[in-house]
Every structure is written in structure tokens, then in C-alpha cells.
Amino acid sequence: MAATTSSPPCHISVSFLRQLPPCTTVQFFGFSPTQRKLGGLTVARNNLAQDFLGDWGARDPYPEEIASQFGDKVLGPQSTEHKILIPNASVLSLSQLECSPVSPSQAPLSPDEAKALLHKVLGWSIVEDEAGGMKIRCMWKVRDFGCGVELINRIHKVAEASGHYPSLHLESPTQVRAELSTSSIGGLSMNDFIMAAKIDDIKTSDLSPRKRAWA
């Protein structure tokens, strides 16, 4: 199935693409050689279409661009097909993903898997719990006791929305510790790293200790 139009549009809305069945290719024809190099567009929709990250499209070249013969300076044949690849879940930030139910029969993440995911979160480390399983931990230094309570409240609000809760500790008036693991499988799951990434997005700059100003 293909949809065609005689002149190149300036924009393709995602709402239009979402109405197309999987494996539909949308092609636009009628470009001049210069236009093909500057704005030719083919958009292919596959089964990962639910992972669109906003609107994608192309524009016509400006008159000044055509006058400059910019297209003649572009490497490649005039018939080059231009494609916009739609990112799927594998390239999304973890904080953009949602926690999902975990079956008790599911195996926890292996050490190698956990270490790979650790690169996608900030300030977290892998530690071993009392039972020998893995968990991840993050520590924050805050300005005072009130800031520690406020940070815990902010983390709780994010956890409440995601349905996956960290273990939170106000270890001293100026230090907060958070730990994440999935107790039902006795180790780490993807949910723990998704939650860690969401916690990373919480604003904490207003809770940090004030820097001393030296005269």
C-alpha cells in the first residue's frame, strides 16, 4: 500500500502516519533533482510505530538554496532515496519508559546486563544485598534536614506515579540514600533502572548545600 502526492509537502503529521497499517510506505514524487537532494522523503512505518517521538517531516528548499545550486554539491546520485528512521524503545531514555509487571518466575538481570544498564543512569552503583542478590544505590548530600525530607517527598511522588518504590533513608540530617531492587525476583529488573532514571530527572539543585563564597 502506498500513498502518493504530486508535490512535496512541508510537513507530515504523526497522526496521519499512525492511521496507516504496518509496513506501509509513504512516498512523495515530483521533485526536481535539486529538491530530491534537499528534501526528498520516504517514510516507512513498521511494527514499532507506537514508538514515535513527535512529528517528523521534510521541507521544500528555500529559493536561495535552489539559486545557490546547493544540491549539485551534495554527494550521491540524484535518485537517492531519503529516509527518516523512527527511533524505537531501544534508543529511548530509560526515564521515558514505563515500569511493567514482573513475574516471580522471571530471572533477575545478570551482572553483565546490570552493568550495561548502569551506564544509562547517573550516580547509581551496584551493591549486594544481605541475601546475595543485587540492588542499585544512590546517595545525595542535601543542605539540611528539611531539604532531605523534601527530596524524599519528591522521589515518593515519582515512585507513586510509576508503581515501583525504592527504599528511602534519611541517614543523617544532610544525607539521603535510595536503593532499588525487585524483591519478587530477588535481584534487579529493568524496572529498577527505569525508576532510577526517573529519579535522576528530579530537580535537586535547590536542595544541595550552598557553596561557600571566599573573600
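Residues in the stretch 119-129: is at least one among the small types (Gly, Ala, Ser), buried (at least 16 other Cβ atoms within 10 Å of the Cβ) and out of contact with any Lys or Arg (no Cβ under 6 Å at 6 or more places or on another chain)?
no
Considering only residues of the stretch 109-129 that are touching a helix residue (DSSP H, G or I) at 6+ places or on another chain (Cβ under 7 Å) and not in a loop (DSSP other than H, G, I, E, B), which is modelled with the highest pLDDT?
Ranking the candidates gives 126 first.
Between 132, 146, which is small (Gly, Ala, Ser), more than 21 Å from the chain's Cα centre (by Cα) and part of a helix (DSSP H, G or I)?
Every option except 146 fails the conditions.
Between a first residue in the stretch 137-164 that is without any contact (Cβ under 8 Å) to a residue 60 or more places away in the chain and a second residue that is crowded, with 18+ Cβ neighbours inside 10 Å and in a helix (DSSP H, G or I), which pairs have beta carbons less than 7 Å apart while being 6 or more apart in sequence or on different chains?
Pairs that qualify, where the first residue is without any contact (Cβ under 8 Å) to a residue 60 or more places away in the chain and the partner is crowded, with 18+ Cβ neighbours inside 10 Å and in a helix (DSSP H, G or I), are 150/207; 151/207; 155/199; 158/198; 158/199; 159/195.
Residue 160 versus (1) in contact with a strand residue (DSSP E or B) (Cβ under 6 Å, 6 or more places away or on another chain); (2) within 27 Å of residue 107 (Cα to Cα): which is the lone unmet condition?
So the condition that residue 160 fails would be (1).
The values are calculated or read from the model by the stated rules, or taken from the named source; none is laboratory data. Keep in mind that this is a model prediction, so the values were computed, not measured. All Cβ positions, glycine included, derive from the backbone under ideal geometry; neighbour counts span all protein chains shown.
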